[in-house]
Structures are given as C-alpha cells and as structure tokens.
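What follows is a set of notes on a single structure, which appears directly below.
The values are calculated or read from the model by the stated rules, or taken from the named source; none is laboratory data. Keep in mind that what you see is a predicted model, and the values were worked out from it rather than measured. Every residue, glycine among them, receives a Cβ derived from its backbone with ideal geometry; neighbour counts consider all protein chains shown. Remember, those area values only see protein heavy atoms, side chains included, never the ligands or the DNA or RNA. Shrake-Rupley method; radii C 1.70, N 1.55, O 1.52, S 1.80 Å.
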Amino acid sequence: MAEKKYVYSFKEAHAAHLGKDILGGKGAGLCEMTAAGVNIPAGFTITTDACTLYYDSGKKIPDFVWDDIVKHLHEVEKVDGKTFGAKEGMPLLVSVRSGARQSMPGMMDTILNLGLNDDSVLALAKATGNERFAYDSYRRFILMFTNIAKGHPRTEMDKMLDDIKVKNGYKLDTQVTVDQLKTLVAAYKKYYKGVFGEDFPTDPYVQLKEAVAAVFRSWDNPRANVYRQMNGIPYEWGTAVNVQTMVFGNMGEDSGTGVAFSRNPSTGEKQIYAEFLPNAQGEDVVAGVRTPLHIDELKARMPDVYKQFVETIKRMENYFHDMQDMEYTVEKGKLYFLQTRNGKRTARSALKIACDLVDEGLIDEKEATLRVEPKQLNDLLHPTFDPADLKKHTPIIVGLPASPGAGTGHLVFTAEEAKAEHDAGRKVVLARSETSPEDIIGMVNAEAIITARGGMTSHAAVVARSMGKCCTAGCTGAIIDEEKKTMIINGKTYTEKDVVSVDGNTGSVYEGAIATKAADLGGDFGRMMAWADKYRRLKIRANCNTPTDAENAAKFGSEGIGLCRTERMFFAEDRILNMRSMILSDTTEQREAALERLRPYQVADFYAMYMSCPKFNVNIRLLDPPLHEFLPDIHEDAKIADIAKTLGVDEQKVRDRINQLHQANPMMGFRGVRLCVAYPEIYRMQATAIIQAALKASKDLGHDVEPEIMIPLTGEEKELRYAKQVVVEAVENEMKKDGHTLKYHVGTMIEIPRGALQADKLAKDAEFFSFGTNDLTQLTLGFSRDDAGQFLPYYYDKKIYEFDPFQTVDVDGVGELVKIAVERGRKTRPDIVIGVCGETGGDPASIHFYDEAGLDYVSCSPFRVPLARLAAAQANILHERALAAKKGKK
C-alpha cells in the first residue's frame, strides 16, 4: 500500500486526478490551470489532510510532512533556476496562501515575499537593479509575517509608514524613497524584537515553516469560524496551503497587479470585468489600500500583454465552463495568473450566467440548476428602492456599485456597533475607510456597506456580494473616521444620528430614507425555477397561518400548505375571551358552549385558507400549545381583574386556574394530543369546523377540496387512535348532515423520539406523517431551542457542534430517527405520505438529506419556497449522479 502523500506539485496533483476535497479550491484551480496551459508561477499544494494532521498533532507540522515540503521547494528552485534565501543571484521568494475547498474570500491568511532577509534583500536589489523594489518587498514581508505568522496587530507598523507619508506630504506608498524604506525596515525589526523578545527570523526555512503553520491556524480564526457557520462549511474540511514562486507587480511602471472576472459579477453581463493597479502587489487591491484603475489602463500601457490577458481569460472560462475570478500579476511586461476559481456573484448575476451558459452550449439545464446557491434567491425576494421616491433624492456621493440592492439605516462606524444596533432592532449602514476580514460581523448585521477606499474586487465588495448585501465601495470623496464616528462629504459631517440610503446597483449614497418596492421575479428567475421544478422529486409546501401567507406562498410556487397552526387564530381580541371562557369552565357542557362560540371563527378561518389555496391540499394542525399561553401571567393583576370582570367570575378562580395550568416545562407538558385525551371537545370542535369549511369551499370552488387533519405530538399508538376516533366521528357526522362526502386524511406529527420508533404502529391509523423537527430536535438532543442560545456558542467555539441543529437537521441523531420512521411507517402503510414542516424544511443542506431519506415533501415559510424548490432539484440531481457513478464503478 502506497504511503499517503501530503504535498503535491501542480502537475502531480493533475496526474493523480485530485479534487478540491484534497487540494482546496485554489490548489485545484492551479492544477487545472497547469493542464490548460496557462502561465502560472511554479509551486505546490500542501493538502487539506495535512491541515487535519497539523491539528491532530497538537498544532505541529510532522517531520515527514515538513521533509516533503522542503523536497518540493527544491524542485521549484530547479524549475525557476533560483535559490531559496540566496545571497548571490536572484533569490527564490515565495507566497504562502490558504485555499479551502469552498471559497472563503478574505477569511484566512496569506504571506507574500517570504524568503527575504538582510542578505537576500541585497541580492534581490542587485539582480533586479531596483533597490527601492527590494526594500519595499522586504518591509511588506516583515509586516505580514509579524501580523499573520505571529498574530500581532499591524496597527503600530502601519502608523510608522503613515507617519513617513504625512511628514513628507506623500499621498501614495510609491512615493516613499529607498532610504526611507530602509529606515522603515530597521524600525519594523526593532519593533518586532521589542514585542517578541527575539530577532526577526533570518532563516528562510524557519520563515516558511511558521508561515505554513500560520495559514493552517487561520482556518480556526474567529472570522473564518463565523463565515463557516454562515455558509455551512464543515470544520473538518480544513484548508490547503499553496506555496508559489513570487512574481512581482511592484517592480516599476511596466509591472502591476489586479483581479479579473470573466463576466460581470454584479449583473452577469458577458464582458470581462477587471481592474489594474500599476506598480503594486495583489494585497493592495484585495485590502482596498489603493483604489485600482479600469482594465483599460493595462490596455493603454501594455497592449500586447492586454491581448494575451483577454485570450487567457476566454480560454479559462471555456475550460472551466463557468465564470472565473482570477488574480494576475504583470512582472516587467510578462503576464502571470496566480489563481482562478469559480467567481462569487450576486443572485441575479448567478441566474443570468447560468442561463447564458446553457444558451452558449457550455452547460446543460441540470448543471445550470446546480450553479445557483439556493440561499442567494432570498436576495431577489425583497424590496428595492421605489423609482418614484428615488427621483426626489440627489446622491450626496457616488462610489463604485460593488454589490447590488438597497439598504437604509442609521450610520455606524464599527462592526461592534452594527451588531449591537441590529440586536436592538435598529437598521444600520456600516461606513468604513475600508473593510477587513474582522468586519464580517458588522457586515452581516448591516443593511448596507459604504467604504471610502477599495475597488470592485476589494474585500468589502467580494464579501458583500457573497452575502447579498448592497455595497458602495471606493467613495473617494468621503472622509470616514472610525474613531471620531464621522463621515464628511463635501464639507458636511454625518454622524450616527443620520440616516442614509445606499443603492448598490448604482453606487449612489443618499441622505435620508427612501421608499422601496417589491422585487421582480420574472426573466431568468422564472426560467431557473422552471428547471428546478423539472428536475426535483420532492414537493414543496409552505407553512401558512393566514390567507396572505398562502397567497405569498402560491406566488412563490408552493404546492399546498404543509402546516396551518390553528392556535394563532385564537389570539384575536374577539376570540381570546371565548378561549379563556373555555379554559375557566368547570364542566364539559360549559367548555362545549364556549367552543361553540369559537367554531364560526374557525370555519371562517379554514374556509379562507381553502379559498386561498384552491389547487392544493391544506394541512391543518389541531390545537398544540399548552392552555396557559392563553391566560396572563400570575403577576399581571390588571389583566386578571379584567378577565374576571368580563367573564363574570371571581378573580381567585382565574388565579387558581393559572396556577393549576402552570407547568415546569410546558414544551414537554400538557399540550398537543394530550389536550384531546383530557378535553376531546376541543378537537371535536376543530374537526367539525375544518369539514364545514371544506364543504363550503368545495361548493364555491366547484371541485372538492381534500382536507388534511394533523394530530400533534403523538408517541403512542393508543393515544393517536383515541384522538383520530374523536376527529373521524366529528367529520363523518358533519358530512352525513350535509349529504356530501369529501375525501379527507388524518395523520400525525412525528415530534417525539418514541413516535419515530413506533412509526410502524402509528401508521396503522396515520395516513401521513409530518416531522416537526423543532420539537423532535429538542427532545432528541435534550435541550430547548429557547435556552440553547446560552450555551451553544461555547459548543461552536469548542467544535462540539458546528451548526445550529434547529436550523440544519442533526443528521446523526434526528436524521436517524427520520430514517427509522420512514422505513417503519412505509412497512405498515406503503402509500403513507411523509413530509417535514419544521424549520429545517427550508434549509438547503437539510433538504438534501430529506430527499435522500425518501420524504415526499418539505414545508417551509412562504419566502423560502423558491429556495426549497431549487435545493430540492439540486439534491435530486446530485443523488442521481452519485447513483450513476456507483453503478459505473460496479
């Protein structure tokens, strides 16, 4: 058996047919670029397995992995004809970059110019004939190494450079002289020794080892952890590390760097979307330290290089069959591509690109369906600025339209303020000179982002687009001071008291709030949804409590209502009194009288639901919550007095009933089917109202509706049978009175682990199952979703849980119960209909599991219906591919 490899040259990786799971996205891209004949710097990839091994080894790089790294570095030396750390000739310098299998822009770390020391910097200056370039590269390396490899803030070192610029009246870093750079390098090294009590490392191999370890550690930094939780990226994936020969864009005016997209990432238009920054390194572009120029600048300066640039981009898009996001560098008139990946794009852009690639014959409909992130569709379902109101406002500044959409809120200037204000229920706009990866929490909680510096491919732009947040970048006329909490535009100062509106489609920023309008769901969106419906197996229903909910769900393509919660219908002012009267009743007769007063309301409610969903089934859940929820708290004296007076009962009776209904753990107490066992008249009234509404709706619609009546919280065959008998008797009696018979179904929610385990017995009486994953998760994991927020962050921090199990199904626990219930239920009743109506019904990862588990439908909130339709199609396509691949291997 061959010994496991942890390091691969790009050619070795391609020959071994390795993918992103081993090489990471960046490494896989470099491997394919090599195969496609693109000019890239020589290098190698340290695999994601090596990252896992690093953590398993106590955050150490094992000797055999390090030996392989050194071996591959020597091979790069041979290819380039350079020596790592050379004192004579052109020294080999390398970049050390992260590369997770799923793109995480700006979340992890990179170190450039590695290999420089006091000797090799002299060799570099001599070999290039450019002393300024050599010392500029050296000061950058010391800064990055201190910040990333040693984890020390760069604030003081940045200030040292700023002080030189201010003192000499420089606007750009490029104006700093070689002597000033030498002074700065010495100051950096002195500062390093003062902080760490040791000299800056001069051995390039020590530098490399620490840098690789630092990139591995960055997989576990706070911003990366936040990003992974937001995007469902498993911690165990780890990151690869890519080591490549440095090519330099800061060697003079015939050099430069930039980022390019093969298509417009904001609109999806088929046009190269790129920027160029002369005499600079890539970090200047990504960090937004300098605002880059339009790609026409490269065309004007170096037309031959520009022609090669355009040809290579077209070749890469045709090779990868997708829009590419590339980093490139021009060194002394020679073009290199440093990396490529499938580019981050806005939701509308993703739809357009997928549709266009089908029309261009590069991909088929199924592949196009896989190209759009389901969660991105949410970005299209929300309002944008109303053009009529927009005309009344004049922009106070116009920057670059970095990420489309519209957002209004009070200005804030730090990530912490953005989160605090959002948590307090206020909408905010985050204004920064430029954003850094540490600002991700603020960006998540802001309605929009404004930056004074940075271009269309800066950190702010890329991350905002991936989140669906509107962003205006490069507002060069704005002076944003985070410490003073001010934004000055044209002499006017804006503070946290001011409200601004940001249009990410145009880059415009406005003073005050602007009205919005509903989104347009036609065009490419409709085409993608048609493909999703064509290729999915799962049906998609919606959780609706009102006709408005049902109308929204129908607009978004719902195929019925998977959950209608009847308890929401009892809290209206004209109903709660009768509900309380029922609860305070002493006899069955009194309860029945109160319930009879409620029945007409229920009939009207259910009739409206049937009429708002005329083509599909409506699944109505009978009363589920504990009765104490309909009464005030024992300490609310005024409310208790008012109830007693209105109902003509003694206050003490109300208090006694509140005390009697008090439960230590209501979620595991007197609720659901248990209410029916104690007070069958409640479910009898509701079943009567359901069938009366169905009979009336059938007559008015001209066709029969098919009611689904759901009994919640069952875990025992006998209790389900008892409750079903109550329901069936009420329904049959009412149909007999009316003289018209409807087909109807009685089923149950599987919310209790015992219910899943007893599914074969429950299926004798249940015609359908619907998994209530909120309660099933609570009862399986043994903690309340209302209380879990107090301790789950500690679980995330210690990697015990990676995701919120109430948002994404716990496959190993809750998922096993789902599989058991499906298997056992269908063994008893092969045609039983099985769905899910809990929160996870609208989560793409969960939908993938439910498709694999063989459910018939998922039900989610109305606005998540398009997401669920697309996720269901993707799940089915991927499962078909996996099955075909499995058969092919056999």
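Structure notes:
- Entries in Lys314/Lys469; Lys539/Lys798; Lys534/Lys718; Lys60/Lys190 that, when Cα-Cα distance is taken, lie over 32 Å: Lys539/Lys798; Lys534/Lys718
- Three principal axis lengths of the stretch 218-260 [C-alpha, angstrom, descending]: 43, 20, 18
- Calculated P(r) tail over 18 Å for the stretch 757-830, as whole % of Cα pairs: 46 percent
- Rounded if a/c under 1.5, otherwise prolate or oblate - the stretch 513-571, Cα gyration tensor axes: oblate
- If you sort the three axes of the alpha carbon gyration tensor as a ≥ b ≥ c, you get a/c of 1.5 or more for the chain and a/b above b/c, which makes it prolate.
- Phi angles of the stretch 138-150 translate, via the Karplus equation with coefficients 6.51, -1.76, 1.60 and θ = phi - 60°, into HN-Hα couplings of 5, 5, 5, 5, 4, 4, 5, 5, 4, 6, 9, 5, 9 Hz per residue; Gly and Pro are given as x.
- The phi torsions of the stretch 42-59, fed into the Karplus equation with coefficients 6.51, -1.76 and 1.60 and a -60° offset, translate into couplings of 5, x, 7, 10, 9, 6, 4, 4, 5, 5, 4, 5, 4, 5, 5, 8, x, 6 Hz, rounded to whole numbers, with Gly and Pro shown as x.
- Carbon/sulfur fraction of accessible area - the stretch 491-627, other protein chains in place, 1.4 Å, %: 50 percent
- Per-atom-type breakdown for the stretch 1-87 gives carbon and sulfur 52% of the accessible area (1.4 Å probe, protein chains only).
- Where the stretch 50-164 is the region considered: accessible area per residue in Å², 1.4 Å probe: 39 Å²
- Its Cα gyration tensor gives the stretch 443-541 an equivalent ellipsoid; the semi-axes, largest first and in whole Å, are 36, 15, 12.
- The mean sequence distance of close C-alpha pairs (under 8 Å, at least 6 residues apart), as a share of the length of the stretch 329-453, puts its relative contact order at 16 percent.
- Relative contact order for the stretch 233-330: 33 percent, from Cα pairs under 8 Å spaced at least 6 residues apart, divided by residue count.
- DSSP assigns beta bridges within the chain; of those with both partners inside it, close to 60 percent run antiparallel.
- Entries in Lys299/Lys352; Lys26/Lys171; Lys26/Lys366 that, when Cα-Cα distance is taken, lie over 31 Å: Lys26/Lys171
- Cα-projected label distance for Lys819 with Asp423, points at 7 Å along beta-carbon direction, nm: 3.9 nm
- Helix axis angle, 347-359 relative to the chain longest principal axis, alpha carbon, degrees: 80 degrees
- At 0.692 mPa s and 37 °C, Stokes D of the stretch 566-697 from Kirkwood alpha-carbon radius, µm² per second: 210 µm²/s
- Karplus (6.51, -1.76, 1.60) ³J(HN,Hα), θ = phi - 60°, over the stretch 98-104, in Hz, Gly and Pro reported as x: 6, x, 6, 5, 10, 4, 10
- For Glu275, the residues 5 or more places off, or on other chains, whose built amide H falls under 5 Å of its own are Val259.
- The amide H of Ala473, built 1.01 Å from its N in the peptide plane, has Leu400, Ala402, Thr451 as neighbours under 5 Å, considering only residues 5 or more places off or on other chains.
- Spin-label model, Asp80/Leu781: points 7 Å from Cα along the beta carbon direction are separated by 4.7 nm.
- Using C-alpha pairs under 8 Å with a sequence gap of at least 6, the mean separation divided by the residue count of the stretch 697-815 gives a relative contact order of 24 percent.
- Among the trypsin sites (Lys or Arg not before Pro) within the stretch 1-54, those in coil by DSSP and having at most 12 neighbouring Cβ atoms inside 10 Å are Lys4.
- Accessible area in square angstrom per residue, the stretch 434-589, 1.4 angstrom probe: 39 Å²
- With the cut-off at under 19 Å, measuring from each backbone N in the stretch 666-702 to a point 7 Å along the Cα-to-Cβ line of Gln725 picks out 673-688.
- Surface share of carbon and sulfur [accessible, 1.4 angstrom probe, percent] for the stretch 721-827: 47 percent
- Whether the stretch 78-195 is rounded, prolate or oblate, judged on the alpha carbon gyration tensor where a/c under 1.5 counts as rounded: oblate
- With the convex hull drawn around the C-alpha atoms of the stretch 753-890, the volume per residue stands at 133 Å³.
- Annotation: per residue accessible area for the stretch 642-725 equals 44 Å², rounded to a whole number [probe 1.4 Å, protein chains only].
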